[in-house]
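Report on one structure; see the data block that follows.
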Amino acid sequence: MLHKGKNSSGQAGLTSEVLVFKTNLDTKREVEAVRCTLDQYSSIMEWSIDIEDVDNVLRVVTLGDVLEEEIIQILAIHGFYCEELLD
């Protein structure tokens, strides 16, 4: 099941970057625990978590000024595991 946050309204024409992470978020309740924090970042245009994927993939579309470490730290503060998935 894919859970989404934020829409990229008003961001047309800006260069975006997609960050992809493996997490241990595997329930709707856990996704809700990080939703408010991720939604507060104005540089995050859109994000989604696929809790049916074996890696519980978090996909974050940013304006290019959010570091991977910031996303990892956000989830860690909430008590969740997060590591960047490389190509």
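Looking across segment 55-67, the residues that are modelled with pLDDT of 95 or more and over 10 Å from the mean Cα position of the chain (by Cα) come down to D55, N56.
Might you check whether a residue that is in contact with a helix residue (DSSP H, G or I) (Cβ under 9 Å, 6 or more places away or on another chain), open to solvent by 10 Å² or more (accessible area, probe 1.4 Å) and not in a loop (DSSP other than H, G, I, E, B) occurs anywhere in segment 45-64? For segment 45-64, residues in contact with a helix residue (DSSP H, G or I) (Cβ under 9 Å, 6 or more places away or on another chain), open to solvent by 10 Å² or more (accessible area, probe 1.4 Å) and not in a loop (DSSP other than H, G, I, E, B): absent.
Being more than 12 Å from the chain's Cα centre (by Cα), in a helix (DSSP H, G or I) and farther than 12 Å from L19 by Cβ, is that true of even one residue in segment 68-82? Yes, some residue in segment 68-82 is more than 12 Å from the chain's Cα centre (by Cα), in a helix (DSSP H, G or I) and farther than 12 Å from L19 by Cβ.
Scanning segment 26-44 turns up at least one residue that is modelled with pLDDT under 95, of a type in the set (D, E, K, R) and assigned to a loop (DSSP other than H, G, I, E, B). Restricting attention to segment 6-25 and to residues that are touching an Asp or Glu at 6+ places or on another chain (Cβ under 8 Å) and at pLDDT below 70, the residue that is most open to solvent (accessible area, probe 1.4 Å) turns out to be N7. Sub-8 Å Cβ pairs linking a first residue in segment 55-83 that is closer than 22 Å to T15 by Cα and touching a residue at least 12 places away in the same chain (Cβ under 8 Å) to a second residue that is polar (S, T, N, Q) and part of a strand (DSSP E or B), at least 6 apart or interchain, are L58/T23; L58/S48; R59/S48, ordered by first then second residue. Just one of (1) open to solvent by 20 Å² or more (accessible area, probe 1.4 Å); (2) modelled with pLDDT of 95 or more fails for C82. It is (1).
The values are calculated or read from the model by the stated rules, or taken from the named source; none is laboratory data. Quick caveat, the model's predicted, so the values are computed rather than measured. All Cβ positions, glycine included, derive from the backbone under ideal geometry; neighbour counts span all protein chains shown. With ligands, DNA and RNA removed, areas are computed over all heavy atoms of the protein, side chains included. Shrake-Rupley method; radii C 1.70, N 1.55, O 1.52, S 1.80 Å.
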